[in-house]
There are 2 protein chains.
Amino acid sequence: MEREDALKLVKEQLTEHRYQHTLGVMETAIDLAKRYGADVKKAEIAAIFHDYAKFRPKEEMRKIIIEQGFPKDLLEFNAELWHAPAGAFLVETEAGITDREILEAIRYHTSGRPSMSLLEKVIYLADYIEPGRHFPGVDEVRQLAKENLDEALIKSIQNSIAFLLKKNQTIYPETFHTYNDLVKNRRID
Amino acid sequence: MEREDALKLVKEQLTEHRYQHTLGVMETAIDLAKRYGADVKKAEIAAIFHDYAKFRPKEEMRKIIIEQGFPKDLLEFNAELWHAPAGAFLVETEAGITDREILEAIRYHTSGRPSMSLLEKVIYLADYIEPGRHFPGVDEVRQLAKENLDEALIKSIQNSIAFLLKKNQTIYPETFHTYNDLVKNRRID
């Protein structure tokens with residue numbers, strides 16, 4: 001799919017603010033893909049569509065998670081997680097994207113998962129550091145992203161978990177499995 | 001078992017420093033048991049024996065975890081976790097303690113687990129706040145322990161996870177599950 005066609009489809013689904021965020025993720029994902037050798041075209045499309053389901057009604061997302069066999073424990077955790085798997089389903093069925101790598105990068109862009117693919121890492125991180133993001137620690141992760149993809153990812157997940165701990169919120173198990181997986185397999189070159 | 005007999009058995013297993021820690025855990029566990037209505041005698045015995053296996057060789061603990069069917073994923077995480085399940089086994093087989101509640105309080109005193117019993121919470125927390133403990137945040141947990149057992153537990157686990165995150169260490173999944181379980185079921189009265 002061409003960029004302009006993809007952007008047109010996504011723009012209808014998002015607020016203007018979220019659309020601007022999406023453009024930031026797209027540019028950042030393309031940069032990261034070039035830097036780390038991921039498929040640049042797939043990174044572009046996955047980034048454009050990553051928040052496709054962001055503003056769907058919760059009940060629709062809940063239904064998709066149940067009917068499509070996504071892990072049901074998602075429903076016990078923060079609803080902010082739901083748009084990622086629901087998005088992967090809707091991007092396939094409504095926008096006609098069938099590439100598994102792209103769909104999985106969308107599916108796991110919020111929770112992460114152990115053994116993430118390069119494309120999944122690129123989208124996860126681009127979502128975290130795109131230029132519109134402003135929160136404590138983001139500049140440190142931006143810097144790390146220029147040096148080592150996994151180290152940047154570890155730091156972003158550490159920040160996210162620490163943030164949830166401080167707010168007394170639950171942490172989706174897949175996220176800390178992702179953290180443990182990255183830490184176990186880290187290589188500082 | 002009488003306190004003096006239990007202490008005698010444990011003293012042989014520990015360094016003097018760890019024995020003093022054990023006495024602190026014992027006093028604290030008795031206080032917490034009285035405050036929150038746990039069995040005081042069981043709290044005393046569980047506290048005395050909680051670190052029974054602390055100085056056993058790693059290879060012995062590894063063997064116990066495998067042969068006794070404890071979760072093997074323990075072996076992939078910090079060896080500091082091993083003395084708790086290994087201790088539960090050795091306290092039963094060497095010291096003749098057969099009470100399941102006491103043995104489970106020993107088994108889960110380092111990792112925690114979802115749906116901890118009252119006695120398990122008392123031992124976990126006593127181990128964290130006994131008077132010999134000095135580290136950032138312990139006084140806040142001591143204060144909370146006078147008001148609400150679960151809130152004190154949540155704070156202690158938050159501190160532990162945050163500490164491991166800062167050190168770039170893996171976090172045993174059961175500890176995260178314990179945190180999520182406590183947060184989901186919290187009631188601020």
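The values are calculated or read from the model by the stated rules, or taken from the named source; none is laboratory data. Since the model is a prediction, treat every value here as computed from it, not as a measurement. All Cβ positions, even for glycine, are placed from backbone atoms using ideal geometry, and neighbour counts span all protein chains on display. Side chains are part of the model used for accessible areas, which takes the heavy atoms of the whole protein and leaves out ligands, DNA and RNA. Shrake-Rupley method; radii C 1.70, N 1.55, O 1.52, S 1.80 Å.
Please determine whether any residue of the range A:13-20 is under 16 Å from the mean Cα position of the chain (by Cα) and under 15 Å from A:L118 (Cβ atoms). The answer is no; no qualifying residue exists. Could you please find all residues in the range A:47-95 being open to solvent by 80 Å² or more (accessible area, probe 1.4 Å) and of a type in the set (F, W, Y)? A:F55, the sole residue that qualifies. Of all the listed residues (B:T28, B:T110), the sole one being closer than 25 Å to B:Q169 by Cα, of a type in the set (V, I, T) and open to solvent by less than 60 Å² (accessible area, probe 1.4 Å) is B:T110. Within the range B:113-128, the residues that satisfy the criterion of being closer than 17 Å to B:K54 by Cα and open to solvent by 10 Å² or more (accessible area, probe 1.4 Å) are B:Y124, B:D127, B:Y128. Only one entry in A:Y179, A:Y124 is hydroxyl-bearing (S, T, Y), away from chain B (no Cβ under 11 Å) and within 16 Å of the chain's Cα centre (by Cα), namely A:Y124. Within the range A:52-78, residues that are on the phi < 0 side of the Ramachandran plot reach partners that are in a loop (DSSP other than H, G, I, E, B) and of a type outside the set (S, T, Y) with beta carbons closer than 6 Å, at six or more positions or on different chains, in the pairs A:Y52/A:Q13; A:M61/A:W82.
Under the condition of being in a helix (DSSP H, G or I) and more than 16 Å from A:I106 (Cα to Cα), the residues counted in the range A:1-18 number 7. Contact map, the range B:136-154: first residue on the phi > 0 side of the Ramachandran plot and touching a residue at least 12 places away in the same chain (Cβ under 8 Å), second residue of a type in the set (S, T, N, Q) and open to solvent by 10 Å² or more (accessible area, probe 1.4 Å), Cβ cut-off under 6 Å, separation 6 or more or different chains; pairs are B:G137/B:N159.
Quick check, is A:Q20 touching a Phe, Trp or Tyr at 6+ places or on another chain (Cβ under 8 Å), open to solvent by 20 Å² or more (accessible area, probe 1.4 Å) and either closer than 21 Å to A:R142 by Cα or in contact (Cβ under 8 Å) with a residue 24 or more places away in the chain (or both)?
Here the answer is no, as A:Q20 does not meet what is asked.
Within the set A:N148, A:N185, A:N168, the sole residue that is within 9 Å of chain B (Cβ to nearest Cβ), out of contact with any strand residue (DSSP E or B) (no Cβ under 6 Å at 6 or more places or on another chain) and surrounded by fewer than 20 Cβ atoms within 10 Å (Cβ to Cβ) turns out to be A:N168.
For the range A:114-156, a tally of residues being over 14 Å from A:V25 (Cβ atoms) and among the basic types (K, R) returns 2.
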